[in-house]
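The numbers here are math on the coordinates, done by the rules we state, and not lab data. Just so you know, these numbers come straight off a predicted model, no measurement behind them. A quick note on method: Cβ atoms are made from the backbone with ideal geometry, for glycine too, and the neighbour counts reach across all protein chains shown.
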Amino acid sequence: MKVSGLGHFPLGTPVPNREHAVCVSLPTLNDLIGYEEKNAETLSKLPSGYPRFVRHRKISELADYWDHEEQNTKTKTFFFSEIKDWIFAQELLGIPQASVEQKEDYVVVRLSKKTKAAEDLQKFLQHAGCGISSRHAEQELLKLGVIANSENLSANENAETEIKNIISKAHGPNVKPEDLLLAASGANAFTSAFRGALEIARSKKQKIWIRLGWLYLDTIEIMNLLVNKEECVISLNHPSEFGRLKKIFQENSNEIAGLVTEFPSNPLLHSCDLEEVKGLCDLYDSTLIVDPTMASPKNAKVSNYADVVINSLTKYANWEGDVMMGSAVFPSHSRRGMAIKKLTEDYLTKPYQKDLERLSEQITFYDNFIEQTNCSQIEIVEYLRYHKKIKNLYWAYQEETGENYMKIAGDKNPGCVLSFEVNGGFPEFYNSLKMLKSPSFGTEFTLCCPYVYLAHYNLVASNSGKKELSFAGLSPELCRLSVGMEPVDEIKQTLDEALQKC
């Protein structure tokens, strides 16, 4: 273990202490609220953040450089790796006017500041994950002479092959490296595959999509954004609604385009009956897209059931916490999946070479990391399960849906993530917890994420939003814990000290 997540991390501290760190500390509830409400004082102490949500300082430096060169003060500058991504965004969002300049390795787009178009494009870059990476921006700054040094990485022309070999193996023996595509982020992998699935569904006049379980924020947003007025999305957010699935298929017959689910879900770690879902999708010729990121595809081998498997490699594979990347797997047994793959190859944003090289430095430890955190999480669950200050505990093998997970993953393979609610004062617990509090998971360092505050603050801040969360079984005070590689007794002690304060 190189970095521990135990201890106090001042506001804005990047973890690990590297230029391209994905995690940044939000140590108090006031810091969390200040971040979500864009408080100037809070934001001034955040030099970086989760990359799709917060523009990295290297990207800001590149924007400042071109703004200065062009004497630009009235527009906001955005970057795309490829012109096709900008064209897609422009057509989708209906952006009427923009200044577009093609550079050698990226595209510069300028929109008038404080306009709906600029706001929409910023959100699109977050949800679709197709902007340039911080390493890409850093290398461009180096070429321009703005900076003198950059991250020291060994050149590796085989980085992509090495990553594909290990990740495809994790999915199971039926997945080969050639079945796997790498994307600039997990969100981009989903966006690209969903675009392909939509195109095929439209050719078959299928117009209904189903979300099974409460899914990750950007998955929800991209689905809502990409479906047209003639199409609809049915959300079955809680396991109590899963029983309606068969009836929905029967009543809508050949109109079901497909189903998207996580196995298990983020953040409540619910799992559907994947065998039953596959049977329904096969019967009605509907696409099944499954994301096993929460537990990792090594634990949750869903490729025998899905047409497309989405995975964020920012988690587990990037166990040191400083790379954004994702993958989409198209099992060769699925004709639907193979048809989607052909389209996805054209749509996705490829990872930047330096990001591939950095991930390749970590990928050899992927299997060991997952095996170690599987064991640690089981111990932490046993500790929290009987703690008097824990009100609710959620993990892959929870009573409500754990049997569904076990049928696919076997036993003792929970991944590193669990979620819980405290029986007491949430602010007191959160503020006193001597642990990194940050977005992301699947890192060598333990971290606690106030998931609902970070992902759905707009819902937390309104009564109607709170009702929606409550119906899905989500408490605003839910904590998502990513168990790292520190000694388990030290993680327990850190949790216990904070629980005693609430």
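At R0 = 56 Å, how high is the FRET efficiency between GLU382 and GLU157 if r is their beta carbon distance? Nearest 0.05 is fine. Please list the in-between numbers first.
Working: r = 46 Å, r/R0 = 0.82.
Between GLU382 and GLU157 the formula returns 0.75.
Taking the charge dipole of the chain about its Cα centre, with +1 at Lys and Arg Cβ atoms and -1 at Asp and Glu Cβ atoms, the residue from THR364, LEU268, PRO96 reaching farthest to the positive side is PRO96. Could you tell me the center-to-center distance, by alpha carbons, between segment 95-119 and segment 1-57 in angstrom? Centre-to-centre distance over Cα atoms comes out at 27 Å. The loop-placed GluC sites (Glu not before Pro) in segment 304-405, going by DSSP, that have at most 14 neighbouring Cβ atoms within 10 Å of their Cβ come out as GLU399.
Summary of the geometry: segment 191-260 and segment 391-415, compared by the centres of their Cα atoms, lie 25 Å apart. Applying both filters, DSSP loop and at most 11 other Cβ atoms within 10 Å, to the trypsin sites (Lys or Arg not before Pro) of segment 303-398 gives LYS388.
Full-extension gain between GLU119 and LYS176, please, as 0.36 nm times their residue separation minus the C-alpha to C-alpha distance. Working it through step by step, the gained length comes to 16.5 nm. Taking a sphere under 15 Å around the Cβ of THR293 and counting the other residues whose Cβ falls inside, with K and R at +1 and D and E at -1, yields a net charge of +2. By definition, a body whose alpha carbon gyration tensor gives a ≥ b ≥ c is rounded when a/c is under 1.5, and the chain falls into this rounded group. Helical runs (DSSP H, four residues minimum) scored at -39500 (n - 2.57) apiece and divided by the length of the chain put the mean residue ellipticity at 222 nm at -12000 deg cm²/dmol.
Note down the relative contact order for the chain as a percent, whole number, built from C-alpha pairs under 8 angstrom at least six residues apart. Intermediate results must be reported in sequence, preceding the final value.
Values: 986 pairs, mean separation 90.6, N = 502.
Answer for the chain is 18 percent.
In a DSSP loop and with at most 14 other Cβ atoms within 10 Å, the trypsin sites (Lys or Arg not before Pro) in segment 126-216 are LYS204, LYS205. Only lysine pairs 8 or more places apart, or on different chains, with alpha-carbon atoms under 22 angstrom apart are counted in segment 315-402, and they number 4.
Starting from the Cα coordinates of segment 1-80, work out the convex hull volume and express it per residue in Å³.
115 Å³
Name the shape class, rounded, prolate or oblate, that the alpha-carbon gyration tensor gives for segment 258-368, where a ≥ b ≥ c are the square roots of its eigenvalues, rounded holds for a/c under 1.5, and otherwise prolate holds if a/b is larger than b/c and oblate otherwise. In terms of gyration-tensor shape, oblate. Classify segment 115-188 as rounded, prolate or oblate from the Cα gyration tensor: take a ≥ b ≥ c as the square roots of its eigenvalues, call it rounded if a/c is under 1.5, otherwise prolate when a/b beats b/c and oblate if not. Taking the square roots of the gyration eigenvalues as a ≥ b ≥ c, segment 115-188 is oblate.
Setting aside same-chain residues fewer than 8 positions from LYS123, which lysines have a Cα under 16 Å from its Cα? Partners found: LYS38, LYS76, LYS113, LYS114.
Would you work out the relative contact order for segment 1-108, in percent, from Cα pairs under 8 angstrom that are 6 or more residues apart?
Working: 92 pairs, mean separation 17.4, N = 108.
RCO, segment 1-108: 16 percent.
For segment 159-186 and segment 307-333, compute the distance between their C-alpha centroids and round to whole Å. First find each Cα centre; the distance between them is then 8 Å.
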